[in-house]
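Worksheet: one structure, shown below.
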Amino acid sequence: MEDTGAKLPESAFVEDVRWPARPGVVIAASLDTKERQVAFLVEELGRRGITPIVIDCALRDGAIDIVPDIGADTVARLAGTDIVTLRASRERAPALGRLLDGLGACIARLDQMGLVLGVIGIGGGTNASMAARAFSAVPYGRPKILVSTSVSGDTRPFIGGSDAVLIHSVVDFIGLGAPLRASLERAAATMQALIDIPFWSEVTTRPVVGITANGATTEGAEVASAMLDSKGCETWMFHARGSGGVALERLIAEGRIAAVLDFATTEIADEVLGGLRSAGPTRLEAAGAAGVPQVIVPGGLDVVNFSELHTVPDHYANRTLIHHTPSSVLMRTSAEEYREIALWMARKLLNAKGPTSVLIPLRGFSSYDAEGRPYHDPKGAGIFADTITEALAPRPDIPVERHDLHINDARFAELACERLWSFMSQKSGKKG
């Protein structure tokens with residue numbers, strides 16, 4: 001099994017835990033409120049020859065007919081506490097947090113033992129949070145399904161950058177009406193199909209290069225992808241809109257990616273300035289920590305992403321905005337904000353253990369930041385370049401290259417690939 005990188009608390013190795021004997025599909029849910037639905041799902045999985053592994057995460061004490069494979073008492077102990085204490089707590093949120101910690105430790109342990117074929121979460125907000133913790137404890141490629149009333153809105157709190165399949169249950173998880181039975185049956189059928197398709201079946205011995213891109217840097221990214229493919233690499237393109245950056249960072253940490261061409265770092269602008277497409281505060285850390293060769297480009301840093309107009313904070317009301325789509329509003333980054341972003345990036349890169357370089361296209365960071373386009377600002381590009389160069393001065397081994405080109409110029413993409421390929425060749429001992 002793959003190493004998920006999950007760190008288990010010492011309590012996760014409780015000696016008397018009776019782990020399941022066979023691999024199966026994990027169902028983590030509060031059995032005090034979801035017993036009927038879990039029982040139905042267990043039956044549907046069984047009809048398809050799939051062993052269920054039921055984990056009870058109930059914070060309320062109630063009689064249940066299902067005997068879980070792992071009880072709530074065990075989940076609590078894996079978090080270093082006990083279920084009686086958690087259920088007696090007057091504050092529900094902290095108690096739930098501890099239970100989720102135990103669930104994460106439990107599933108990570110099951111996965112390390114080779115027992116997790118997939119994970120299914122069912123229910124509303126609380127149970128969707130349980131599913132999210134379960135999903136995060138297993139690597140990409142392991143099938144994950146969430147059947148919930150919560151997936152018709154903002155799903156990021158529940159799945160983040162996970163590769164989960166989402167099924168909107170339409171109706172709530174009370175009773176077992178026809179729509180809910182159909183949703184659960186579809187979840188079982190989908191899980192069977194997912195298990196039968198190995199996620200990594202087409203991965204070859206070629207080195208995998210992770211490339212970030214968004215719509216405003218697509219032209220350059222496509223040139224880079226083709227060039228690296230021609231050198232015998234396999235390129236994985238990550239859409240830099242939050243989930244893409246999360247996936248990139250995690251797959252690097254899982255050891256799936258040999259080198260990174262971070263061509264669209266636009267998610268960092270959102271993280272620093274409060275946009276809606278951030279990949280979180282750990283963006284730009286995994287490659288440096290793993291010593292993976294990386295070339296960093298300020299692609300898309302000229303814009304901060306919001307949804308509809310009403311999502312733009314009041315303190316940005318007088319800024320230049322572009323309506324990219326009816327549900328996407330872009331705000332131009334200011335010169336002072338470029339400084340802030342450059343310093344944020346430099347702090348991350350100063351810790352890089354592997355070969356690293358920054359390439360800056362002085363003629364523009366995106367298709368909006370091109371001559372004749374509304375966000376073109378060559379002065380701003382120079383400010384970013386000066387700031388990050390000065391901030392990286394303590395690391396002379398991290399060169400900052402300035403090129404009088406636009407990010408979508410084919411020559412700029414070629415230069416970025418050449419730099420990355422030189423790093424990869426040095427690491428592998430190859431030439432050319």
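The values are calculated or read from the model by the stated rules, or taken from the named source; none is laboratory data. On a predicted model such as this, the values are computed, not experimentally measured, just so you know. Note that we place each Cβ from the backbone using ideal geometry, even for glycine, and neighbour counts take in every protein chain shown. Areas reflect the complete protein model, heavy atoms only, side chains present, ligands, DNA and RNA absent. Shrake-Rupley method; radii C 1.70, N 1.55, O 1.52, S 1.80 Å.
Data overview
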| item | result |
| --- | --- |
| Fraction of antiparallel bridges per DSSP, the chain only, in percent to nearest 5 | 15 percent |
| Rel. contact order, % - alpha carbon contacts under 8 angstrom, at least six apart, the chain | 11 percent |
| Nonlocal amide H pairs with THR333, under 5 Å, H built at 1.01 Å | VAL303, VAL304 |
| Fraction of antiparallel bridges per DSSP, the range 294-432 only, in percent to nearest 5 | 55 percent |
| Prolate/oblate/rounded call for the range 91-140, Cα gyration tensor, a/c under 1.5 rounded | oblate |
| Separation of alpha-carbon centers, the range 145-213 and the range 230-244, rounded to whole Å | 22 Å |
| Only Lys, Arg (+1) and Asp, Glu (-1) charged, at Cβ; the chain dipole about Cα centre in debye | 400 debye |
| When the range 167-300 is reduced to its Cα atoms, the Kirkwood hydrodynamic radius in Å | 17.0 Å |
| For ASP314, solvent-accessible area (1.4 Å; no DNA, RNA or ligand), Å² | 140 Å² |
| Per residue accessible area in Å² of the chain, where ligands, DNA and RNA are left out and the probe is 1.4 Å | 43 Å² |
| Nearest-10 value in Å² for the accessible area of LEU248, using the 1.4 Å probe | 0 Å² |
| Table column - 3J(HN,Hα) (Hz), the range 255-265, Karplus curve with 6.51, -1.76, 1.60, x for Gly and Pro | x, 8, 10, 8, 7, 10, 10, 7, 7, 10, 9 |
| Dipole of the chain, positive direction: furthest Cα of ALA240, ALA287, GLN192, with charges on the beta-carbon | GLN192 |
| Relative contact order of the range 1-152, pairs being alpha-carbon contacts under 8 Å that are 6 or more residues apart, as % | 29 percent |
| Hz values of 3J(HN,Hα) by residue in the range 100-107 - Karplus curve (6.51, -1.76, 1.60), Gly and Pro given as x | 5, 4, x, 5, x, 5, 4, 6 |
| Rounded to the nearest 10 Å², the accessible area of LEU405 at probe 1.4 Å | 40 Å² |
| Cβ-defined net charge surrounding ARG48, 11 Å radius [Lys, Arg +1; Asp, Glu -1] | -3 |
| 27 Å tail of the calculated P(r), the chain, as % of Cα pairs | 57 percent |
| Subset of LYS348/LYS427; LYS144/LYS231; LYS348/LYS379; LYS34/LYS348 violating a 32 Å alpha-carbon distance limit | LYS144/LYS231; LYS34/LYS348 |
| Exposure rank, largest accessible area first [SER136, SER367, SER278; 1.4 Å] | SER136, SER367, SER278 |
| Percent carbon-and-sulfur accessible area, the chain, ignoring ligands, DNA and RNA, probe 1.4 Å | 51 percent |
| Estimated 222 nm signal from helices in the chain, with DSSP H stretches of n ≥ 4 weighted -39500 (n - 2.57), rounded to 500 | -12500 deg cm²/dmol |
| Inverse mean reciprocal Cα-Cα distance (Kirkwood Rh) of the range 297-359, Å | 13.5 Å |
| Which of GLU414, GLU337 is most accessible, then next, and so on - probe 1.4 Å | GLU414, GLU337 |
| Cα gyration tensor shape for the range 118-192, rounded if a/c is under 1.5, else prolate or oblate | oblate |
